Ligand code: GLA
């Protein structure tokens with residue numbers, strides 16, 4: 001195996017040794033030495049076993065060009081190692097020192113309006129800048145040479161939350177190079193971008209610039225290609241630092257932190273580059289749907305890693321400070337959030353950050369050790385979490401089995417996010433999130449899959465909104481239905497090809513045969529009513545809004561029609577049985593009630609994590625991971641649910657451990673149970 005390819009076994013070996021990884025970002029450069037000793041003592045008290053060090057330490061290591069100050073880092077690593085705490089050592093490359101931008105202004109990013117950004121915050125670098133890249137590489141090489149064999153270093157963390165867009169001249173040069181590689185000739189670019197429109201034809205690559213501020217609407221194909229390029233350019237930054245670490249002889253897992261459904265980076269194209277998928281998650285405590293919505297992100301992360309355990313790299317202990325209004329989390333909520341990630345396949349839960357900063361932009365962001373110190377409910381909650389996670393060692397390495405699949409990919413999201421569509425109110429991720437809630441309520445985990453992946457054997461396949469759908473993806477959907485899947489397709493899917501060109505013919509062109517229904521016009525909708533037909537839930541009333549389609553059935557059963565509005569009397573919900581399965585179509589953005597009814601019915605043959613219950617009590621989450629059944633009560637009310645006989649709770653205290661829970665388990669508000677068959681332990 002080449003030394004730079006992904007190897008998930010590296011993380012498997014680490015978590016097999018440490019158990020669930022538990023810790024956070026540790027920024028000792030913000031604190032005097034005497035605090036370091038206290039930190040390590042408190043980390044041991046909390047059962048912390050992994051900390052990320054050095055993420056923003058470039059100016060400390062290289063205070064002047066070419067300088068190297070590693071002595072403080074040597075000391076920190078020794079201290080942590082002496083306490084048995086593993087280090088995830090970060091390249092400091094996300095935040096270059098001020099001198100770099102002053103000496104080399106071209107390393108500073110340029111925004112859409114041509115404004116060059118300055119140092120004083122973080123992320124002030126141009127991914128396309130050769131000078132930035134050379135400096136980042138030089139410091140990474142020296143860091144890796146010094147610490148690749150250090151016994152404290154058990155993981156490497158490259159950069160931080162890669163995600164910036166840059167529109168400057170450096171980016172223009174690299175965008176042109178990227179286009180040359182993708183298309184080979186300028187005529188191929190002209191074809192892909194359909195530049196006959198508005199006299200946009202390019203005679204040569206040197207005429208092309210990034211989609212900077214323009215007088216009017218930009219070419220959508222150019223804009224989507226610029227997003228592809230930007231994601232690839234950031235990936236190139238990551239890759240070269242990762243390779244430098246490997247070349248220095250490092251054998252530890254190497255990763256970087258993702259940000260869920262983040263719009264500027266196609267994580268699916270990155271997933272093969274990291275040894276373990278790592279993600280930062282900040283569900284808003286103010287949102288009632290946060291538990292279901294973050295579960296979707298966790299299912300995405302697990303899916304990106306092919307089902308292998310992933311790592312929750314950052315989350316907040318209590319409040320964040322970057323929202324306008326930052327609600328705190330109770331210690332019980334923080335605990336539940338961590339256990340939820342483990343339930344959905346994480347073998348590590350870490351926080352931003354260990355000790356709350358007293359100054360700087362994040363002085364009000366919560367941390368494991370708050371300003372008030374260790375005599376706090378927050379820190380006591382962290383100690384409790386450490387103890388809980390240690391008890392979950394039996395689940396390390398196990399997998400979540402997901403019977404459902406949801407189609408999602410970044411380029412389709414990007415293309416449907418461009419302006420000048422029938423509506424700007426339809427967002428891919430918002431729709432996926434709404435659809436997913438119907439699965440979550442039923443304890444059904446989902447894999448979030450790429451179009452055209454193998455779907456055979458999936459009982460349920462959801463396509464909430466796949467604007468771009470290529471023929472191979474449509475064929476995979478048809479094959480899944482033939483093999484027995486219930487497929488549910490949402491509106492404005494199968495609209496365009498990979499270049500964003502609209503597919504000709506009645507819509508949705510690649511799916512109309514499979515669905516047995518076709519349309520002639522997309523229609524933005526006011527709020528309208530929908531009524532079911534006698535064929536399905538007669539008398540039920542639902543609503544739609546945002547977008548519909550002037551549809552006719554070409555053979556599918558019509559289950560519901562528009563009752564009011566511009567499409568009055570026309571079908572909105574259809575179903576066509578085919579092979580061993582069925583293809584449902586929702587030809588409008590419908591309300592949560594209708595979504596839940598359709599997905600619930602399509603999921604009839606699928607067992608959730610609690611097969612005895614078709615729908616879980618409000619706020620209860622149930623997930624099966626390996627042999628363990630995770631139950632998380634996110635509500636403020638107690639709940640009782642039936643469970644298989646003879647399970648024990650891994651989280652229960654000494655006395656309760658090993659006692660049978662009976663067939664009904666009660667969870668108080670906020671409680672979590674991790675039930676597993678009694679083993680002779
Ligand atoms: C991200 C960053 C951290 C910190 C947190 C605050 O996750 O990686 O450095 O800024 O946000 O929530």
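All of the numbers you see were taken from the coordinates with simple rules; none came from a lab. Owing to the predicted nature of the structure, the values given are computational and were not obtained by experimental measurement. Note that each Cβ is placed from the backbone with ideal geometry, even for glycine, and that neighbours are counted across all protein chains shown.
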Centroid-to-centroid separation of the range 156-230 and the range 584-650 [C-alpha atoms, Å]: 44
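Just subtract the alpha-carbon distance of residue 17 and residue 393 from 0.36 nm times their residue separation and send over the number in nm, one decimal. Numbers along the way, then the final one.
On the way: separation 376, 0.36 × 376 = 135.36 nm, distance 0.98 nm.
Result: 134.4 nm gained on full extension.
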Packing-based ranking, highest mean first, of 219-227, 198-206 given that Cβ atoms within 10 Å are counted: 219-227, 198-206
Descending semi-axes in whole angstrom, ellipsoid equivalent of the range 1-160, from the Cα gyration tensor: 30, 19, 14
Antiparallel bridge percentage (DSSP; both residues within the chain; nearest 5): 55
Of all DSSP beta bridges in the range 397-548, antiparallel share, percent nearest 5: 45
Ranked 425, 391, 344, criterion: other C-beta atoms within 10 Å, fewest first: 425, 391, 344
Segment residue 203-residue 645, length gained on full extension (0.36 nm per residue, minus Cα span): 151.8 nm
Rounded FRET efficiency, nearest 0.05, which uses the C-beta distance separating residue 552 from residue 38 and R0 of 51 Å: 0.10
Relative contact order (%) - criterion: Cα under 8 Å, at least six apart; region: the range 543-681: 17
Shape metrics for the range 502-634, restricted to C-alpha atoms - Rg then Dmax, Å: 17.3, 52
For the chain: Kirkwood Rh in Å [reciprocal of mean 1/r, alpha carbons]: 26.7
Rg [Å, one decimal], Dmax [Å, integer] - the range 561-663, C-alpha atoms: 19.9, 65
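How would you classify the range 495-559 from its alpha-carbon gyration tensor, with a ≥ b ≥ c the square roots of the eigenvalues: rounded for a/c under 1.5, else prolate if a/b is greater than b/c, otherwise oblate? Write down the numbers at each step before the final one.
Working: a/c = 3.14, a/b = 1.54, b/c = 2.04.
Because a/c hits 1.5 or more and a/b fails to exceed b/c, the range 495-559 counts as oblate.
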Expected-Rg normalisation [2.2 N^0.38 Å, Cα atoms] applied to the range 172-323: 1.31
Sorted peptide list for 561-573, 434-446, criterion being average Cβ within 10 angstrom, highest first: 434-446, 561-573
Computed [θ] at 222 nm, helices only, for the chain once each DSSP H run of length n ≥ 4 contributes -39500 (n - 2.57): -9500 deg cm²/dmol
The range 396-495: equivalent-ellipsoid semi-axes (sqrt of 5 x gyration tensor eigenvalues, Cα, Å): 23, 17, 12
The range 476-527-the range 22-71 distance, computed between alpha-carbon centres (Å): 52
Separation between Cα centres of the range 77-91 and the range 359-397, rounded to whole Å: 18
